[in-house]
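Novice: I am attaching a structure below and will ask some questions about it afterwards.
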Amino acid sequence: MSQVDASLSLANPSPRHLNTPQKVFLGFVGVGVTMIFLALFGGAAGREALFMWTIIGSFAIGGIGYAWSIYKDEAAGIKNNWTWFFSESNRGTLGWILGVAFTAFYIALYWFPAWLGLNPGQANTGLIAVFDPLSMMLSGNPASQWFVYGTFYTLAILVMGIKFIWKYRHSAYHVLRTVSIMFFQTAFAFLIPEFMARLNHNPEVQATGASIPYYDLKNMWPLNYYNFDDYRVNSMIDPELNSLTGNLGFIMLIIGVASVFVISPILTYFFGKRWYCSWVCGCGGLAETAGDSFRHLSDKSVKAWKVERWLIHSVLVAVMVMTIAVVYNYLFKQGQNFWINHEVFSMGVAALMIGLTVLIWIRPKLFGTVSQDIKIIASGLMVAIAGFTMFSWLTGAERVFFMEPYALKKNYGFFIGAMFSGVIGVGFYPLMGSRVWCRFGCPMAAILGLQQRFFSRFRITTNGGQCISCGNCSTYCEMGIDVRAYAQRGQNIVRASCVGCGVCAAVCPRGVLSLENGPNTGNSRMEESRY
Amino acid sequence: MHVVIIGNGIAGVSVARNVRKISDHSITMISSESDFHWSRTALMYIYMGHMTFENTQPYEKHFWKKNRINLVRKYVTRIDAENKTIHFSDGDAMPYDKLVLATGSQSNKFGWPGQDLAGVQGMVSYNDLQSMEEYSHDLKHAVVVGGGLIGIEMAEMFHSRHIPVTFLVREDSFWNGVMPPEESNMINREIRMTHGIDLRLKTELREILPDEHGRVRAIITNEGEEIPCQFVGLTAGVHPNVDLAESAGIEKHRGFLIDKYLETSVKDIYAVGDCAQLRHPADGRRPIEAVWYTGKHMGPVLAQTLVGNQTEYIQKTWFNSAKFINLEYQVYGDVANKVRDGERHLYWEHPTEHKSVRIVYNAATGIVQGFNLMGIRYRSDVCLHWIENQTLVEEVLQNLGPANFDPEFFKTYEHELVRLYNEQNGANLKLKRRKSLRNVFAILNS
């Protein structure tokens, strides 16, 4: 009985037996996958609509049917039997195959869309052509690789969302938040931007020379790092376009700024970052639904937590630097066209950075458990950003940080936007768990996390001394939080990374955990129970 | 000062951690079972595939080094109390200044014919789990004997592997020695709606029959029925592991007998957790409380004594919890399996679902004694606060909202309890406080 055994399950104790309905529904999924491969190699030419609906239909029927066939005879309750036995969910052969397949898909999507059938300046072929009919129907444009991706993404959230609801049907919290995720993905991320794009076909809109940007309204900066790029801002503030569309562009711009500076701090104060990360966000949405089978694969070690903090906050710094550079440069080129010019902007940035730095040092209680080193590093960075910005303004420089803003942006887009959030973020689901991006990379999660940690009413309450240290909560935490470490000493859990999915509270066999919002903020949320 | 702890379960670890917190004593923790502390309560989840063995270990490997808790993987055969030395099965020995016995429990066997056959075992240790795993490979039918918490866990484990189980329970309703009839009956129903578990109440094991290889092939019940099976789980309770008592000359009864400072009859030898038996338990409490929380509570108390600050162990207000298949159970305070003289029970049960709340209070004074919950979670701090502050049932009922600990958006039933109480007592109480954290703090600070 050696401790080295990864688990008792090494020699898969009882191989999986699929019953007939399960085989049939998995067969449907197989049909969908086969059709995708056929389409990739040109097999769909001339039969695009047939292929499209067959692919969508077979994934929908297969996925929902499979969920039905595995859960229909099971009483409502936690369904984690065999999780560590199945090859796809224990980093076994199937897991690796899935990981490689997802990764390959993302590589093609980001860097080799031609493989998928995108032909710049010419009609689509291959897989992308298959989705032309749907794209024409929604926006009136032929499909792009992003449209194909969006369609699959939405389909995955809807189908796997239904599976998730079935799995957690005993919990109203999970049912509601999954419905919310499915709604925001379908309406905000998928349909509304397509419908808005349709408006661009209007001859009057075309006459303005501007076009309404593709805008998923819930996808806020800095997750949406390109939100304040020149071309988007220009089209949002185009006077002719705005007068035609009832100031749609201005509204978009205001929502864009307000969501990060006003709406999200208020909601995060009251409910924690979960209102976004596991109720609204698309990345979170995919992780919660399609990624649910992999949530236990996240690394729970203290070491991983350390890596996480360095990595995610570095991305946050990078996105801030990049955005400041882009916006400053844009405003500089605009001269005195708007009341917000590069001078006002520089002062605003400096005021925000200096203000936060002062807050760190005059309200040490608020940041009680943060080490002195981290405070110094954070203050240093913020003062540096403020300094650079002010320096550029005062010396009349065109750029901040002495760098070409679009070179910065290009690098960020490549390394963070594509490689981290897509290829690693989703491609590595079956290897590192479903929230790799949300945990290690997302700058939005970083901002919301800082708010949640220091200034929010949210916490996971531990129910007195009832914890039996079994480890289900930690195992099923997709963010890799060692929930048990807190629960077993009767302490509430307040962690920047917690997305409030609520699965720890659901899998706890003794009813020890509960997600709650209450009067205390800051560290007082973490007092140990006296029982 | 060298503190040696035998056993790395929750009781032993709790002592080790707390000694380290308040002293620089050198600490050695010995186990023959596993290299590292793991959560015994999670045994079933390993078998069911919810967790790996590593997942059940609450502390990472570096924790032990960092906290200078020396881990030894050996089997202790003998204690030489005179020379303050323990002896291992490999011939080695180790001196100690203070010795803590945290040796836990083992499964009861009641002298059934065939109880030592291959494929017949209990479920307490990691070893038990591994052998259960081995026997599961060609298992067509299992029998579980004994209607307690481990029995139902074992039945659920086999159920998860699609192995049919016959579950023999001596009592006429599951766990009715602890649970009041209504709750006990609810568990019967929960088991019976689980396809593949055949619950046989009022049925006992008479004999276990071997095949030609010395493995179990069938059992015979007290009614003479022969049930073919290739595995028999013996889960009719546990008893303390007291094998070491004799060599050390420690006085024992069922467990190592300990005084209020958790010390055994031999100086500088202490016992904690499942293996310890209090000479003078508190009123209405058992001398051996073989649950997780006992081990966890004794640790910090004994640690004080071990560093020279003699501290009495006082049994905390009772609480416990369990999960029967999908049905969660929590108890706070004193809830017996029947309405005893001088007490009254307010019992509400959901008409269709498996949910119930029972509030026990003194008939004469109205002081609340305990809460028994099925399928509904209540808040530990609030329930214990009410019990320890001798709160009156009518005050509890009017403030019952914040006692609820179910997740957000779950339906709450506290108004039903108030309505029921009004109906039964001709009262006119109103639920004044709703479920909210603000109201919880208001109660706890009152």
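The values are calculated or read from the model by the stated rules, or taken from the named source; none is laboratory data. Values in this document were obtained by computation on a predicted structure and should not be read as measured data. Heads up, the Cβs are rebuilt from the backbone with ideal geometry, glycines too, and the neighbour counts pull from every protein chain shown.
Novice: From the list B:Asn425, B:Asn372, B:Asn362, B:Asn337, which one is at pLDDT 95 or above and within 14 Å of chain A (Cβ to nearest Cβ)?
Specialist: B:Asn372
Novice: Sticking with this one: Being under 23 Å from the mean Cα position of the chain (by Cα) and buried (at least 22 other Cβ atoms within 10 Å of the Cβ) is the filter here; which residues of region B:245-263 pass it?
Specialist: B:Gly255, B:Phe256, B:Ile258, B:Leu262, listed by residue number.
Novice: Checking the conditions here, which among B:Arg17, B:Arg73, B:Arg68 is in contact with a Pro (Cβ under 9 Å, 6 or more places away or on another chain), surrounded by fewer than 21 Cβ atoms within 10 Å (Cβ to Cβ), touching a residue at least 40 places away in the same chain (Cβ under 8 Å) and among the charged types (D, E, K, R)? Quick ask: steps written out before the conclusion?
Specialist: On the way: B:Arg73 fails: in contact with a Pro (Cβ under 9 Å, 6 or more places away or on another chain); B:Arg68 fails: in contact with a Pro (Cβ under 9 Å, 6 or more places away or on another chain).
Criteria check complete, one pass: B:Arg17.
Novice: Now a separate question. Which residue pairs have Cβ atoms under 7 Å apart, sit 6 or more places apart or on different chains, and have a first residue in region B:106-122 that is of a type in the set (A, V, I, L, M) and a second that is part of a loop (DSSP other than H, G, I, E, B)?
Specialist: B:Leu117/B:Gly214; B:Ala118/B:Gly214; B:Val120/B:Gly114
Novice: Tell me, which residue of region B:13-47 that is of a type in the set (Asp, Glu) and under 26 Å from the mean Cα position of the chain (by Cα) is farthest from the other protein chains (Cβ to nearest Cβ)?
Specialist: That would be B:Glu33.
Novice: Restricting attention to region B:105-130, which residues are in contact with a Phe, Trp or Tyr (Cβ under 7 Å, 6 or more places away or on another chain) and within 14 Å of chain A (Cβ to nearest Cβ)?
Specialist: Taking region B:105-130 first, the residues in contact with a Phe, Trp or Tyr (Cβ under 7 Å, 6 or more places away or on another chain) are B:119, B:129.
Across region B:105-130, the qualifying residue is only B:Leu129.
Novice: Of all residues in region B:208-231, count the ones that are closer than 15 Å to B:Asp138 by Cβ and among the aliphatic types (A, V, I, L, M).
Specialist: So the answer is 1.
Novice: Out of B:Lys202, B:Lys140, I need the residue that is part of a loop (DSSP other than H, G, I, E, B), within 14 Å of chain A (Cβ to nearest Cβ), at pLDDT 95 or above and within 24 Å of B:Asn222 (Cβ to Cβ). Which one? Write out each step before concluding.
Specialist: Numbers: B:Lys202 fails: within 14 Å of chain A (Cβ to nearest Cβ).
From the options B:Lys202, B:Lys140, the qualifying one is B:Lys140.
Novice: Let me ask something additional. Among residues belonging to region B:48-61 that are more than 7 Å from every other protein chain (Cβ to nearest Cβ) and not charged (D, E, K, R), point out the one that is farthest from B:Asn127 (Cα to Cα).
Specialist: Filtering first and then ranking leaves B:Tyr59.
Novice: Further, regarding this structure: Looking at region A:301-343, which of its residues are outside any helix (DSSP H, G or I) and either modelled with pLDDT of 95 or more or surrounded by 15 or more Cβ atoms within 10 Å (Cβ to Cβ) (or both)? Please lay out each step first, then the result.
Specialist: Within region A:301-343, the subset outside any helix (DSSP H, G or I) is A:301, A:335-341.
Scanning region A:301-343 gives A:Ser301, A:Asn341.
Novice: Taking the stated definitions as given, is B:Phe319 within 11 Å of chain A (Cβ to nearest Cβ), touching a residue at least 40 places away in the same chain (Cβ under 8 Å) and farther than 18 Å from A:Gly464 by Cβ?
Specialist: Answer is no for this residue.
Novice: Here is a follow-up. Return yes when B:Asn439 is modelled with pLDDT of 95 or more, closer than 26 Å to A:Ser171 by Cα, of a type in the set (S, T, N, Q) and touching a helix residue (DSSP H, G or I) at 6+ places or on another chain (Cβ under 6 Å) and no when it is not.
Specialist: The answer is yes for B:Asn439.
Novice: Only residues in region A:483-512 that are more than 10 Å from every other protein chain (Cβ to nearest Cβ) and at negative phi count as the first member; pair them with residues that are outside any helix (DSSP H, G or I) and basic (Lys, Arg), Cβ under 8 angstrom, at least 6 apart or cross-chain, and list the lot.
Specialist: Taking only residues 6 or more apart or on different chains, the pairs are A:Asn492/A:Arg459; A:Ile493/A:Arg459; A:Val494/A:Arg459; A:Cys498/A:Lys273; A:Val499/A:Lys273; A:Val499/A:Arg435.
Novice: Sticking with this one: Out of the residues in region A:513-531 that are part of a loop (DSSP other than H, G, I, E, B) and more than 9 Å from chain B (Cβ to nearest Cβ), which is surrounded by the fewest Cβ atoms within 10 Å (Cβ to Cβ)?
Specialist: Among residues in region A:513-531 that are part of a loop (DSSP other than H, G, I, E, B) and more than 9 Å from chain B (Cβ to nearest Cβ), the one surrounded by the fewest Cβ atoms within 10 Å (Cβ to Cβ) is A:Glu527.
Novice: Provide a single number: the residues in region A:261-278 that are farther than 17 Å from A:Thr178 by Cβ, out of contact with any strand residue (DSSP E or B) (no Cβ under 7 Å at 6 or more places or on another chain) and in a helix (DSSP H, G or I).
Specialist: Residues that pass the stated criteria total 9.
Novice: Then there is this: Name every residue in region B:390-421 that is of a type outside the set (Asp, Glu) and under 26 Å from the mean Cα position of the chain (by Cα), in order of residue number.
Specialist: Once the filter is applied, which keeps residues that are of a type outside the set (Asp, Glu) and under 26 Å from the mean Cα position of the chain (by Cα), region B:390-421 yields B:Ala403, B:Asn404, B:Phe405, B:Pro407.
The rows are residues; the columns are (1) assigned to a helix (DSSP H, G or I); (2) out of contact with any Phe, Trp or Tyr (no Cβ under 7 Å at 6 or more places or on another chain); (3) crowded, with 22+ Cβ neighbours inside 10 Å.
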{"position": "A:Met137", "(1), (2), (3)": "yes, yes, no"}
{"position": "A:Gly161", "(1), (2), (3)": "yes, yes, yes"}
{"position": "A:Ile192", "(1), (2), (3)": "yes, yes, no"}
{"position": "A:Asn219", "(1), (2), (3)": "no, yes, no"}
